[in-house]
1. Would you please name the chymotrypsin sites (Phe, Trp or Tyr not before Pro) within the range 214-303 that are DSSP coil residues with at most 15 other C-beta atoms within 10 Å of their C-beta?
2. Work through the residues other than Gln143 whose Cβ is under 9 Å from its Cβ and net out their charges, Lys, Arg +1 and Asp, Glu -1.
3. When the C-alpha atoms of the range 81-142 are aligned to their principal axes, what extent does each axis show, in angstrom, from largest down?
4. Can you give the % of DSSP beta bridges in the chain that are antiparallel, to the nearest 5?
5. In deg cm²/dmol and to the nearest 500, what is the mean residue ellipticity at 222 nm of the chain if only DSSP H runs of at least 4 residues count, each as -39500 (n - 2.57), divided by the residue total?
6. Kindly list the residues of the range 251-292 that lie in the label zone of Ile345, defined by a backbone N under 11 Å from the point 7 Å along the Cα-to-C-beta vector.
7. On a C-alpha basis, how far is the centre of the range 213-265 from the centre of the range 149-168 in Å? Whole number, if you could?
8. Just in the range 81-143: which GluC sites (Glu not before Pro) are loop by DSSP and have at most 12 other Cβ atoms within 10 Å?
Amino acid sequence: MKKLWIWLAVLAVAALWIAGCGNGEDVGPGELSGTITVWAFNDEFDDMIPMFEEAYPDIEVEFTKIPSDEIVPKLEAVLETGVGVPDVFVGEQAWVKRWIDMDVWENLSADPYNADELAKDHFEYVKDYVRDAEGNLRGLTWQATPGAVFYRRSLAEEAFGTDDPEEISALMKDMDSFIEMGRTLKEKTGAFLVPGVNDIQRLFFFNKKQPWVVDGKLVIEDIVLEYFDVAKTLRDEGLDGKIDMWTGEWFTGMNENVFSYVLPTWGLFFVLEPNAEEVSGDWAAAHGPASYMWGGTWVGIAKASENKNLAWQFVKYITTDKEFLKQWALDSGDFVSDMAVVEEIVGDYSREFLGGQNHYAYFYEEAKRLGESGWAERVTGYDEDIQNSFLEALQEYVVGNKSKDEAIEYFKELVITQYPDITVE
């Protein structure tokens, strides 16, 4: 009988150990070994993974980089079959809600992860964005992505007599002021205020007071109707360049006759700096007519993973390890999600591309504004499709194919076609 009890005790301990290793028990870097699979579209993982593997030398990461326009269908395919699901995969701002709605990520608020405590210093909005209906965290991120209006200093000096970011911010404090800037620019420099009318979409979409869909009904707020009017004014007065985003002409304008680009944190590193080298140092970041964010990547652990503890070490490290986040911020300039880390390094930054401006101080101020706005609570899984439909209708109005009323009705028709279950009045 004594031997039986000893064996039962051994089996119980073993079972607890296996359960802990399989489901996220917090252990030291030297106590775990194995391999995890990670799927993402981000170039950042090329640098993050070696940093993790140096900290956790016995955990190997098999990384599959998938183009951003292919990763969603590929993930949906493996999630549907349950075969080949990676241990860790990402969700981007435009579609991360899909993974939460599908319930394919682990609940990181629950034991053994307890991520709310680990991420207590993160900006609230980056956490709120990935909470499920019960308020549980389903993902974490290493970054926050507040936006700016990046502008050319030389054009500002010529048109307004100053290139100072604070003074330029004051000149675009609201949309009427922004339009007036465009008129002055056109008169004094011949430059376009923005490349095209789609570039300013987030200044409107992120400042709605309600979700697009409330109680099953489409909500069209005054601020998005104002977007029709602003876009039409810009186009009719020749204040935008009639340039589509992400085209060759759009990038070329950065070095030539476009005054400003509405871009977030990553837009500085991955869009402006590589494509506006000819005018490096001639840029600055200003607070635009409204605060907004754009993009951002969250990482979660697949419910189907058989390596949850190993996967958790990876997710935890790249999103909550303060030493890693500080080093990542210093090496890359990326604006991290942890306010304590930001506060530690914010005073020491200077970005040569921005004429020496401290972009970290700027983005910290914007991130705090976003946190106060409560916008994350207004986001739904419908947003990306509805906003794309809105932009399609907007173009019809701007180019003169439809009146404003006709464009609004066209927008409603597009929404009904995509989502017949939504009530559209």
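1. Trp246
2. Summing Lys and Arg as +1 and Asp and Glu as -1 gives -2.
3. So the three principal-axis extents are 36, 28, 23 Å.
4. The antiparallel fraction comes to roughly 65 percent.
5. -13500 deg cm²/dmol
6. none
7. 20
8. Values: sites: Glu92, Glu106, Glu117, Glu124, Glu134; in loops: Glu106, Glu134.
Hits after loop and neighbour filter: Glu134.
The values are calculated or read from the model by the stated rules, or taken from the named source; none is laboratory data. Every value quoted in this text rests on a predicted model; they were computed, and no experiment measured them. Backbone-built Cβ (ideal geometry, glycine too); neighbour counts: all protein chains shown. Protein only, heavy atoms only, side chains kept; ligands, DNA and RNA dropped before computing areas. Shrake-Rupley method; radii C 1.70, N 1.55, O 1.52, S 1.80 Å.
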